[in-house]
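The values are calculated or read from the model by the stated rules, or taken from the named source; none is laboratory data. From a predicted model like this one, the values you see are computed outputs, not experimental measurements. Here the Cβ positions follow ideal geometry from the backbone for every residue, glycine too, while neighbour counts run over all protein chains shown. Keep in mind that these areas ignore ligands, DNA and RNA; they rest on the heavy atoms of the full protein, side chains included. Shrake-Rupley method; radii C 1.70, N 1.55, O 1.52, S 1.80 Å.
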Amino acid sequence: MQSSSPCIDAGTDTGSLPPTDLDGNQRVVNSTVDMGPYEFQSICLNGHYYEKIATQTTWVNAKNAAELMTFMGYKGHLVTVNSADENLFLTNHPLLGNGGANGLHYHWLGGFQPQGSDEPDKGWSWVTGEPFGYDNWATNEPNNCEGWEDAIIFDHGFSDAGKQWNDISSITTMAQGFVVEYEYQGTSTLKEWT
């Protein structure tokens, strides 16, 4: 982890933790736990790796933190879900959603709606710039209920494809975390959120 990583001293030390992490490093430093790669166990689907970060944060802060993270030389970004299989994998993996109702509840995805898009369901994009060709919106979502819902969060119930999505304001602090996806990005650049 880089010394500038926002994950340093950003974890939680609640619950019963072993004294060292998976690599034998001391877990609690400066009275708290670094979240991120030290605790990472390989969660892989189709050459992409995933990590769930449990921290209360806004979408913008989650996006920025995810883009500073790396794993095995792969750059991180908020998760982009491109198929029902991928959404179900995230929902059911024991280190991510664990198949339960609350495993990914209120965790940010990398979907956003640029300003000026037709509401409520036009213009949705992924932070990577890849096509937004799959969705798992909950019934009656997206709905722009608050008049400024511009980011995607795991919320509500389940479909056959796993945990459903909701549109919510990117500046809310009610999120309980975010999911990072690590993949080789070659020469592509991450799409700017405006």
Where Leu104 falls short, out of the listed (1) within 13 Å of the chain's Cα centre (by Cα); (2) assigned to a strand (DSSP E or B); (3) not polar (S, T, N, Q): (2)
Extreme residue, nearest to the chain's Cα centre (by Cα), among residues of the stretch 80-94 that are assigned to a helix (DSSP H, G or I) and aliphatic (A, V, I, L, M): Leu90
Evaluation of His77 against (1) over 12 Å from the mean Cα position of the chain (by Cα); (2) part of a strand (DSSP E or B); (3) modelled with pLDDT of 95 or more (one fails), failing number: (1)
Condition check for Asn102: farther than 16 Å from Asp160 by Cα, modelled with pLDDT under 95 and either open to solvent by 30 Å² or more (accessible area, probe 1.4 Å) or not aliphatic (A, V, I, L, M) (or both): yes
Test set (1) open to solvent by 10 Å² or more (accessible area, probe 1.4 Å); (2) in contact with a helix residue (DSSP H, G or I) (Cβ under 9 Å, 6 or more places away or on another chain); (3) among the acidic types (Asp, Glu); (4) under 20 Å from Tyr49 (Cα atoms) - Glu181 fails condition number: (1)
Residue under evaluation Tyr38, criteria (1) surrounded by 13 or more Cβ atoms within 10 Å (Cβ to Cβ); (2) modelled with pLDDT of 85 or more, criterion not met: (2)
In the stretch 56-85, the residues that are of a type in the set (Gly, Ala, Ser) and open to solvent by less than 20 Å² (accessible area, probe 1.4 Å): Ala62, Ala65, Ala66, Gly76
Inter-residue pairs, beta-carbon under 6 Å, first within 21 Å of Phe112 (Cβ to Cβ) and in the stretch 73-98, second surrounded by fewer than 20 Cβ atoms within 10 Å (Cβ to Cβ) and aromatic (Phe, Trp, Tyr), 6+ apart: Asn82/Tyr134; Ser83/Tyr134
Matching residues, the stretch 129-161, being crowded, with 16+ Cβ neighbours inside 10 Å, modelled with pLDDT of 95 or more and at positive phi: Asn144
Contacts under 6 angstrom Cβ, first residue in the stretch 149-166 being without any contact (Cβ under 8 Å) to a residue 24 or more places away in the chain, partner in a strand (DSSP E or B), 6 or more apart: His156/Gln164; His156/Asn166
